[in-house]
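Below is one structure, written out as structure tokens, with a few remarks after it.
Laboratory data are not the source of any read-out in this text; all were calculated from the coordinates shown. Fair warning: this is a prediction, and the values are worked out from it, not measured in the lab. FYI the Cβ positions are ideal-geometry reconstructions off the backbone, even for glycines, and counts take in every protein chain you see.
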Amino acid sequence: MPLAHGDGARSTNAMGLTYETGPEQELTETFNWYNKAATMGYAEAQYNVCRLTAPGLVSAADYAGGKLLHATFYPPSNPSLN
């Protein structure tokens, strides 16, 4: 689905939020949209990807995977973000 007016990571993250909080929650689709925005560098989406991954909301619980994603998005070179 191509994005139109307002393209960008913020809009992409908002699509994830729509799937997460809509009447028929679709966590796999939610994760896909958050992940797209996260790869664009949008910090809120990066947090959302970790938030869904660590407790296993989109697959088997993967705390280590969530922690690894966190380290990828927030490298140790900036300790204030860890």
- Taking amide hydrogens as modeled 1.01 Å from N in the peptide plane, which residues meet the under 5 Å criterion relative to Gly56, leaving out close sequence neighbours? Asp62
- For the pair Ser59 and Ala14, what calculated FRET efficiency results from E = 1/(1 + (r/R0)^6), where r is the Cβ-Cβ distance and R0 = 25 Å, to the nearest 0.05? 0.60
- Item | Table column - 3J(HN,Hα) (Hz), region 26-38, Karplus curve with 6.51, -1.76, 1.60, x for Gly and Pro | 10, 5, 5, 5, 4, 4, 4, 5, 4, 5, 4, 5, 5
- Note on the structure: Diffing region 8-21: the Karplus 3J(HN,Hα) column from phi (6.51, -1.76, 1.60, θ = phi - 60°), in whole Hz with x for Gly and Pro, holds x, 5, 5, 5, 5, 4, 4, 4, x, 4, 4, 5, 6, 10
